[in-house]
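Following: one structure in structure tokens, then a few remarks.
The values are calculated or read from the model by the stated rules, or taken from the named source; none is laboratory data. From a predicted model like this one, the values you see are computed outputs, not experimental measurements. With ideal geometry, Cβ positions are generated from the backbone for all residues, glycine too; neighbour counts draw on all protein chains shown. Accessible surface is based on the protein model in full, side chains and every heavy atom, while ligands, DNA and RNA are left aside. Shrake-Rupley method; radii C 1.70, N 1.55, O 1.52, S 1.80 Å.
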Amino acid sequence: MAKKTKRFRRSGTLMMLALLLMGSAVVRLGLEAGPAIAREVASLKEAGQEEATHNGQPQRDAMPTSAELQTMLAAFQQREEVLAAREAEIEDRMKALEIADQAIDMKLAALEQAEENLRATLALADGATEADVSRLTTVYEQMKPKEASALFEEMDPAFAAGFLARMQPEAAAGIMAGLSPEAAYTISVVLAGRNGSVPKE
């Protein structure tokens, strides 16, 4: 009877110790599991927010405000106005250059025409002068030597030498024979000088 009582007490004590140990384990498990569960829930929430952002739902803090949008729009409009003004300025300059080129072309054409007219006028003048000199030389050749000599006596020696150089030798000799020795000598020096200036080679 005493042995049974003693066994019953031992088994009850062991049962109490087992219950106390189990209760302590449950308490410790609850204390350690609470923060872990909270951390897990927080990480799940953050993951859900990131997933929502990646799925095309932008965060409210990243979106520009209406004032910022208006500022950006005003900056774009100002930039567009500046570019339009520069483009208009370039077009005006191009038009001015085209007008200047046309004016230059017209002036060049006018100068070329004037030059051509001047050449034609000079050619006519040269032809007329040559015709007049030839005609006058013929007149002097057909004059009597005595009368022609009187005219050549009064002429400038270089002018008289020019006519005598163009005349036929017989007519020139007749005029030279009627000149005074001084005039004949001077005209002869001019004629010799003109021939002496001609290159030999």
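Looking across segment 180-192, the residues that are surrounded by 14 or more Cβ atoms within 10 Å (Cβ to Cβ) and of a type in the set (Val, Ile, Thr) come down to Thr186, Ile187, Val190. Looking across Ala177, Ala131, Ala173, Ala150, one residue alone is surrounded by fewer than 17 Cβ atoms within 10 Å (Cβ to Cβ) and modelled with pLDDT under 90. It is Ala131. Against the test of being over 29 Å from the mean Cα position of the chain (by Cα) and either outside any helix (DSSP H, G or I) or hydrophobic (A, V, I, L, M, F, W, C) (or both), the options Leu111, Leu69 yield a single qualifying residue, Leu69. The residue of segment 153-170 that is nearest to Glu141 (Cα to Cα), among those that are open to solvent by 50 Å² or more (accessible area, probe 1.4 Å) and not acidic (Asp, Glu), is Gln168.
What number of residues in segment 153-191 are part of a loop (DSSP other than H, G, I, E, B) and under 14 Å from Ser134 (Cα atoms)? Selection size over segment 153-191: 2.
Right, Ala150: in a helix (DSSP H, G or I) and touching a Leu at 6+ places or on another chain (Cβ under 7 Å) or not?
On the way: in a helix (DSSP H, G or I): yes; touching a Leu at 6+ places or on another chain (Cβ under 7 Å): no.
No, not satisfied.
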